[in-house]
Amino acid sequence: MTCGRSRKDFQPTLSITLEVTSANDVVITSLFLIRLRRTSDGRDGRTKGVYAHTNYAGQRMSGRDEYYNKAKQQGYRSRSAYKLQQLDDTADLIAPGDTVIDLGAAPGGWLQVAAERASEGRVVGVDRQRIESIDDVETIRGDLTEDDTQAKIGERVGQADLVLSDMAPNMTGEYNLDHARSIHLARQALDVARTVLAPGGDLVVKVFDGRDLDDLEADIEEEFEYVRTVRPDASRDESSELFLVGKGRMTAPVGVGDELAVGITDTGDEGDGIAKVDDYTLFVADTEAGEEVRIRVEDVKPRFGFAERIE
Ligand SMILES: C[S@@+](CC[C@H](N)C(=O)[O-])C[C@H]1O[C@@H](n2cnc3c(N)ncnc32)[C@H](O)[C@@H]1O
C-alpha cells in the first residue's frame with residue numbers, strides 16, 4: 001500500500017510503503033521523504049530553486065520489533081507464535097499427545113507452536129480465512145459466529161484437551177465497540193469449549209480489556225477449576241489485549257456440600273471407597289465396596305471428588 005502526498009513543487013513529498021504481514025501487523029517497509037525547500041535570492045524572497053532532500057528509503061520502522069524479526073528468522077508465520085509459547089510456559093497448557101483446537105488460527109503461528117508441543121497429538125485450526133497447510137495440522141474454514149462452523153468442529157474433533165482462541169474482531173478504533181466484539185468472539189470460543197473440551201481440559205481466550213471483562217471471567221470461572229489472566233510479554237506494550245485462561249474444565253454432576261445416597265462399588269488405591277455418580281468418581285473415606293451410604297461432597301476436582309459419609 002502506498003500513500004503519497006504531493007501537492008505541488010516545494011511541498012514536502014512523503015512516500016510510505018506499508019506491508020500487511022498478518023491480520024495484526026502492518027509494517028512500514030519503506031519511508032521516502034523528499035524535502036524540497038525554497039531558496040531565495042535574499043532580497044525579494046522569491047524562490048530561486050530547490051536545494052535539499054532527505055532520503056530515508058528502506059528504513060525499517062515500528063512494528064518490526066524483536067518478536068517480528070524473531071518470527072521471520074525462526075520460520076513462524078506470525079509474531080503471535082511467541083504469545084502462545086509464553087502462555088504455555090506460564091499456564092502449562094500443551095502436553096505431548098494432546099488434542100488442541102485453535103480458533104482464529106490464520107495465518108498459523110499458534111498452529112506451528114501447538115504442533116511442536118503437542119507432538120503425536122492432534123492440532124486443528126479454524127479460521128474464516130484460508131490457512132496455508134502446515135505439517136500435522138488439520139484445518140477447518142468457517143466463521144465461528146455461525147452454528148454450522150461450531151457443529152463441524154464437534155463432528156470432526158470429538159473431544160479436545162485444549163481450546164485456544166486468538167480471534168480478533170476487525171478493528172474500528174472505537175474502544176468500547178472493539179472490546180465488546182472481542183468479548184463476543186471469546187464467548188463463541190467458550191461455546192466451542194462447552195461442546196468439545198474434556199473434563200480437566202483448558203481454555204484460552206484473547207480479549208481486549210474493558211467493562212464486560214469481569215462478567216466473562218465469572219462465566220468461565222463457573223465452568224473451570226480456576227481462571228487466571230495472562231499478559232504475555234510478546235503482546236505489544238501499547239495493546240489492551242490479555243488472555244483469560246480457564247484451567248481444568250469442571251463437568252462434575254455434584255457440587256461441594258451436596259448430600260446424597262450412593263452405593264460403594266470399589267476400593268481406591270488409598271483404601272477409600274469409590275462411588276460413581278453418572279460417570280463421575282467420588283472417593284468416600286471409611287467405606288467398603290458393597291455398602292449403601294449417605295454422603296456429603298467435600299471437594300470437587302475436574303475428574304474426581306471427595307466425600308464423607310454422614311450416617
Ligand atoms: C490475530 S489473528 C490470529 C493469529 C494466529 N493466532 C497466529 O498465530 O497466526 C486473528 C484471527 O481471527 C480470525 N477471526 C476473527 N473473527 C473470526 C470469526 N468470527 N471466525 C473465524 N475466525 C475469525 C481472523 O480471520 C484472524 O485470522
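The values are calculated or read from the model by the stated rules, or taken from the named source; none is laboratory data. Since we're looking at a predicted model, the values are computed, not measured. In this analysis, Cβ positions are derived from the backbone assuming ideal geometry, glycine residues included, and neighbour counts consider all displayed protein chains.
Structure values in brief
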{"item": "Yes/no for Ile153 being out of contact with any Phe, Trp or Tyr (no Cβ under 7 Å at 6 or more places or on another chain), within 14 Å of the ligand (Cβ to nearest atom) and outside any helix (DSSP H, G or I)", "result": "no"}
{"item": "Residues of segment 66-83 classified as under 15 Å from Ala115 (Cα atoms), more than 9 Å from the ligand (Cβ to nearest atom) and under 18 Å from the mean Cα position of the chain (by Cα), total", "result": "1"}
{"item": "Test result for Glu120, farther than 17 Å from Lys247 by Cβ, part of a helix (DSSP H, G or I), of a type outside the set (Ser, Thr, Tyr) and more than 12 Å from the ligand (Cβ to nearest atom)", "result": "no"}
{"item": "Any hit, segment 84-96, residues being near the ligand (Cβ under 8 Å from one of its atoms), within 11 Å of the chain's Cα centre (by Cα), surrounded by 21 or more Cβ atoms within 10 Å (Cβ to Cβ) and assigned by TED's automatic domain parsing to the domain that holds Ser235", "result": "yes"}
{"item": "Whichever residue in segment 167-208 is within 13 Å of the ligand (Cβ to nearest atom) and assigned to a loop (DSSP other than H, G, I, E, B) and, among such residues, is surrounded by the fewest Cβ atoms within 10 Å (Cβ to Cβ)", "result": "Asn170"}
{"item": "Arg211 being surrounded by fewer than 20 Cβ atoms within 10 Å (Cβ to Cβ), farther than 20 Å from Lys247 by Cα, within 16 Å of the chain's Cα centre (by Cα) and at pLDDT 95 or above", "result": "no"}
{"item": "Wholly enclosed strands (runs of 3 or more DSSP E) of segment 238-304 bearing at least 3 residues closer than 30 Å to Arg187 by Cβ and not hydrophobic (A, V, I, L, M, F, W, C)", "result": "241-249"}
{"item": "Options Glu222, Glu241: the member that is surrounded by fewer than 19 Cβ atoms within 10 Å (Cβ to Cβ), more than 15 Å from the chain's Cα centre (by Cα) and over 15 Å from Ala91 (Cβ atoms)", "result": "Glu222"}
{"item": "Subset of segment 137-166 (residues that are surrounded by fewer than 16 Cβ atoms within 10 Å (Cβ to Cβ) and among the acidic types (Asp, Glu))", "result": "Asp143, Glu146, Asp147, Asp148, Glu155"}
{"item": "Members of segment 123-150 that are touching a strand residue (DSSP E or B) at 6+ places or on another chain (Cβ under 6 Å), within 11 Å of the ligand (Cβ to nearest atom) and under 19 Å from Thr195 (Cβ atoms)", "result": "Gly125, Val126, Ile140, Leu144"}
